[in-house]
Amino acid sequence: MMAELTTPDVAIDGATVSEKPPVRTRGEIAKRGLSSPWASLVAVILAVVWTIPTAGLLVTSFRPSLDINKTGWWTVFTNPDFTLDNYKQVLDTSQTSSLTPYLINSIVITIPAVLLPILLACLAAYAFAWTKFKGKNVLFVAVFALQVVPIQVTLLPLLTLYVKLHLNGTFWAIWLSHTMFGLPLAIFLLHNFMREIPGELIEAARVDGAGHVTIFFRMMLPMLKPALAAFGIYQFLWVWNDLLVALTFAGPGTATAPMTKFLFDLTGSRGNAWYLLSAGAFVSMIIPVIVFLSLQRYFVRGLLAGSVKG
Amino acid sequence: MATVTYDHATRVYPGTERPAVDQLNLHIEDGEFLVLVGPSGCGKSTSLRMLAGLEDVNQGRIFIGDRDVTDVQPKDRDIAMVFQNYALYPHMTVADNMGFALKIAGTPKAEIRQRVEEAAKILDLTEYLDRKPKALSGGQRQRVAMGRAIVRQPQVFLMDEPLSNLDAKLRVQTRTQIASLQRRLGVTTVYVTHDQTEALTMGDRIAVLKDGLLQQVGTPREMYDTPQNVFVAGFIGSPAMNIGTFPVSGGNIEVGPARLALPRDVAGKLTSEDDNKVTLGFRPESLDVTSESNAAAFPVEVNIVEELGSDAFVYGTLRGSLAQKDDAVITSGAGDNQVIVRVDPRNVPMKGERVFVTIRPGEEHVFSAATGQRLS
């Protein structure tokens, strides 16, 4: 299989060498180096090594708890023994070790914590990119500079603020925190995308009778789909996998605790519940995969093609 | 349908001293096709964008019809604009592109469809209505941009070099299409271009700008026959006019051995600043090849001959006494100290040959050597 895949590469390389003068740019050298069969082999090996722990986790999650404690996951190849019990226990709402309420919490946390920053960042980025107001540049640099602040620094002051506002321990505290932490990058990212849209398009729309609202909803949002999807996935993964923010603001109880906290507890307090941990981890991994695959179709290149000449 | 009036309209870009458009006064009649033409950076596009409302007016006013639109938003000016790079909405189909303005205005769907289809028929776009811009060729995109303007049925069309992205053949074709379409629709049109051929062929009137200042407005014929200053004389016409500065003595302009009578009324306009010199312009097509014996003839040494089939142009250097004189510098489309002469394409001189040419009487243009303004 390997040989079949790489043979055409070699042929193409040979053709280019004979056509082109011997002087090569660094890019060409790099391209040649990276598309050689050896490079492909290295890439495949890296990919396999990288995937082994995840594969091991997947196998483990289907093994009976006794087997997990006794032997390593690779023994399934000689002694296959699979069960769905781990998943049943993790998803069964009647049990105390059930993951389901945390899973729901995670979804409740993630959806607004992704949509809110996107919405605000879109509006802000539009203002920064296409309107004129005093102090715009200073403000923009300030927003971008906020990215430098590590979120750990802000945790305690924010918590004090939430306590004063009686928001601590509610979903609002988590939603707002994620929004705040996500906004600077989102504004910067979307601003850059918006600036890439040719100015004549906006001018054409203005002459066609569109105000800022129409331009924003009918022109910007459709053209920004790839950027929105990219940031959406980024923010989704960040919020979904977040433990720190949830641990700080979700309060002591389990009412607003996300799945990461549950998994953390599994490893921490019940280090022996390995069989539950592997199944829980897999449930938590499958959702980002679904999100990624469903947003993937928006990653279209050349969305602006044909709008302006040149 | 409306007139357009620039009343001392001025635009100064922030951070610059010199206005991009300086005190522009221009009145465009209802239904007229006016071409703004000039070299790049002359302020023609800025003038158009001021009319569109995309550029602020720092001083003066702009009227569409009787309405003062100086501080009106673009969307409320009832204008349609065609951009140089077309600026089509990439995420919409051709039909949606063309109907976008009407959709915003809240026109009923059936009417939008009908008007879009009408415009598409005029522009031969009917079969492309459901395509996205990226699936169209350059010429088709240009037509969609035109269609977007036509569908609006606006009071004024603004076109900012809409042909400059087309290849030469298509440009000539589209040029006539746009001109005839404008005559048919009768919509007042302001058209910006840097190409004087486009200006001459399309415009009812032409306005020449340079450095933000209006040089001259007139019909193509007026611009060609009576350019008001040296700049317009050199800009309009292809190949460009030969322009040189020559001494005047005894009521004659001395072009080397040749003597050209300077009319009395023109001579009377000379001032002391002119230092007894005039700037003389003569078009390549105003020159006749004669013999050395002709008193009004001056010699030209042929450098190259350009044969175009219908015409032939001699690019030559002035010879004889003219060549020695430092102050008798002549310029033309070919460069300094070069003259262009149109000759009979069936009878062209050889390279290196010396020909004698005369300026056909009445076809010379006399300008003040000091101010560059027309005297004759």
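The values are calculated or read from the model by the stated rules, or taken from the named source; none is laboratory data. Given the structure is predicted, the values throughout are model-derived calculations rather than measurements. All Cβ positions, even for glycine, are placed from backbone atoms using ideal geometry, and neighbour counts span all protein chains on display.
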For B:VAL21: the one exception among (1) out of contact with any Pro (no Cβ under 7 Å at 6 or more places or on another chain); (2) surrounded by 16 or more Cβ atoms within 10 Å (Cβ to Cβ); (3) closer than 20 Å to B:LEU163 by Cβ: (3)
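From B:ASP204, B:ASP225, B:ASP195, grab the single residue that is surrounded by fewer than 24 Cβ atoms within 10 Å (Cβ to Cβ), of a type in the set (Asp, Glu) and within 24 Å of B:ARG360 (Cα to Cα). Break it down stepwise before answering.
Numbers: B:ASP204 fails: within 24 Å of B:ARG360 (Cα to Cα); B:ASP195 fails: within 24 Å of B:ARG360 (Cα to Cα).
The conditions single out B:ASP225.
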Long-range neighbours under 6 Å by Cβ, at least six apart or interchain, first residue at the interface with chain A (Cβ under 9 Å from one of its Cβ atoms) within region B:129-148, second among the charged types (D, E, K, R): B:PRO133/B:ARG141
Hits in region B:286-312 (condition: within 12 Å of B:VAL343 (Cα to Cα) and not in a loop (DSSP other than H, G, I, E, B)): B:SER286, B:LEU287, B:ASP288, B:VAL289, B:THR290, B:VAL302, B:VAL305, B:GLU306, B:GLU307, B:ALA312
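Tally time: how many residues in region B:78-94 are surrounded by fewer than 22 Cβ atoms within 10 Å (Cβ to Cβ) and either more than 9 Å from chain A (Cβ to nearest Cβ) or in contact with a strand residue (DSSP E or B) (Cβ under 8 Å, 6 or more places away or on another chain) (or both)? Quick ask: steps written out before the conclusion?
In the first step, residues of region B:78-94 are kept if they are surrounded by fewer than 22 Cβ atoms within 10 Å (Cβ to Cβ); the result is B:78, B:84-85, B:91-93.
With the extra rule that they be either more than 9 Å from chain A (Cβ to nearest Cβ) or in contact with a strand residue (DSSP E or B) (Cβ under 8 Å, 6 or more places away or on another chain) (or both), the set shrinks to B:78, B:84, B:93.
Residues in region B:78-94 being surrounded by fewer than 22 Cβ atoms within 10 Å (Cβ to Cβ) and either more than 9 Å from chain A (Cβ to nearest Cβ) or in contact with a strand residue (DSSP E or B) (Cβ under 8 Å, 6 or more places away or on another chain) (or both): 3 in total.
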Number of positions in region A:95-134 that are crowded, with 16+ Cβ neighbours inside 10 Å, in a loop (DSSP other than H, G, I, E, B), free of Cβ contacts under 8 Å to residues at least 60 places away in the same chain and not polar (S, T, N, Q): 0
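Going by the structure shown, is B:ALA110 in contact with a Pro (Cβ under 8 Å, 6 or more places away or on another chain) and either crowded, with 20+ Cβ neighbours inside 10 Å or not in a loop (DSSP other than H, G, I, E, B) (or both)? Give the derivation first.
Values: in contact with a Pro (Cβ under 8 Å, 6 or more places away or on another chain): no; either crowded, with 20+ Cβ neighbours inside 10 Å or not in a loop (DSSP other than H, G, I, E, B) (or both): yes.
Against the criterion (in contact with a Pro (Cβ under 8 Å, 6 or more places away or on another chain) and either crowded, with 20+ Cβ neighbours inside 10 Å or not in a loop (DSSP other than H, G, I, E, B) (or both)), B:ALA110 does not qualify.
For region B:202-226, which residues satisfy the criterion of being within 18 Å of B:GLU32 (Cα to Cα) and outside any strand (DSSP E or B)?
Let us first name the residues in region B:202-226 that are within 18 Å of B:GLU32 (Cα to Cα), namely B:202-208, B:216-223.
Hits for region B:202-226 are B:MET202, B:GLY203, B:ASP204, B:THR219, B:PRO220, B:ARG221, B:GLU222, B:MET223.
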Members of region B:149-185 that are more than 10 Å from every other protein chain (Cβ to nearest Cβ) and part of a strand (DSSP E or B): B:VAL156, B:PHE157, B:MET159
Residue count, region B:1-26 (criterion: of a type in the set (A, V, I, L, M) and either in a strand (DSSP E or B) or over 29 Å from B:ARG152 (Cβ atoms) (or both)): 6
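Going through region B:214-251 one residue at a time, which ones are aliphatic (A, V, I, L, M) and more than 14 Å from the chain's Cα centre (by Cα)? Break it down stepwise before answering.
If we filter region B:214-251 for residues that are aliphatic (A, V, I, L, M), which is where we start, we get B:214, B:217, B:223, B:230, B:232-233, B:236, B:240-241, B:243, B:248.
If the condition is that a residue be aliphatic (A, V, I, L, M) and more than 14 Å from the chain's Cα centre (by Cα), then B:VAL230, B:MET241, B:ILE243, B:VAL248 are the ones that fit.
Residues are listed down the side, and each one gets a yes or a no for (1) at pLDDT 80 or above; (2) exposed (fewer than 15 other Cβ atoms within 10 Å of the Cβ); (3) not assigned by TED's automatic domain parsing to the domain that holds B:ILE304:
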site: B:ALA328; (1), (2), (3): no, no, no
site: B:THR331; (1), (2), (3): no, no, no
site: B:GLY335; (1), (2), (3): no, yes, no
site: B:GLN338; (1), (2), (3): yes, no, no
site: B:VAL341; (1), (2), (3): yes, no, no
site: B:VAL348; (1), (2), (3): yes, no, no
site: B:VAL355; (1), (2), (3): yes, no, no
site: B:THR358; (1), (2), (3): yes, no, no
site: B:GLY362; (1), (2), (3): yes, yes, no
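For (1) in contact with a Cys (Cβ under 9 Å, 6 or more places away or on another chain); (2) crowded, with 17+ Cβ neighbours inside 10 Å, each residue gets a yes or a no:
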{"site": "A:PHE217", "(1), (2)": "no, no"}
{"site": "A:MET220", "(1), (2)": "yes, yes"}
{"site": "A:ALA229", "(1), (2)": "no, yes"}
{"site": "A:TRP238", "(1), (2)": "no, yes"}
{"site": "A:LEU244", "(1), (2)": "no, no"}
{"site": "A:LEU247", "(1), (2)": "no, no"}
{"site": "A:ALA250", "(1), (2)": "no, yes"}
{"site": "A:ALA257", "(1), (2)": "no, yes"}
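For region B:242-273, which positions are small (Gly, Ala, Ser) and within 16 Å of B:PRO361 (Cβ to Cβ)? Don't jump to the end; show me each part of the working.
Step one: of region B:242-273, the residues small (Gly, Ala, Ser) are B:244, B:249-251, B:256, B:258, B:261, B:267-268, B:272.
Listed by number, the residues that qualify are B:GLY251, B:ALA258, B:ALA261.
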Considering residues of region A:181-224 that are of a type in the set (D, E, K, R) and free of Cβ contacts under 8 Å to residues at least 60 places away in the same chain only, the residue farthest from the other protein chains (Cβ to nearest Cβ): A:ARG218
The one condition in (1) in a helix (DSSP H, G or I); (2) of a type outside the set (A, V, I, L, M, F, W, C); (3) at the interface with chain A (Cβ under 8 Å from one of its Cβ atoms); (4) surrounded by 21 or more Cβ atoms within 10 Å (Cβ to Cβ) that B:LYS75 fails to fulfil: (4)
Which listed residue is within 14 Å of chain A (Cβ to nearest Cβ) and closer than 20 Å to B:ASN165 by Cα, from B:SER45, B:SER40: B:SER45
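A:LEU167 - would you say it is outside any helix (DSSP H, G or I), more than 24 Å from A:TYR298 (Cβ to Cβ) and either among the hydrophobic types (A, V, I, L, M, F, W, C) or at pLDDT 90 or above (or both)?
Working: outside any helix (DSSP H, G or I): yes; more than 24 Å from A:TYR298 (Cβ to Cβ): yes; either among the hydrophobic types (A, V, I, L, M, F, W, C) or at pLDDT 90 or above (or both): yes.
Yes: the conditions hold for A:LEU167.
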The one condition in (1) within 10 Å of chain A (Cβ to nearest Cβ); (2) over 19 Å from B:SER164 (Cβ atoms); (3) among the basic types (Lys, Arg); (4) crowded, with 17+ Cβ neighbours inside 10 Å that B:ARG115 fails to fulfil: (1)
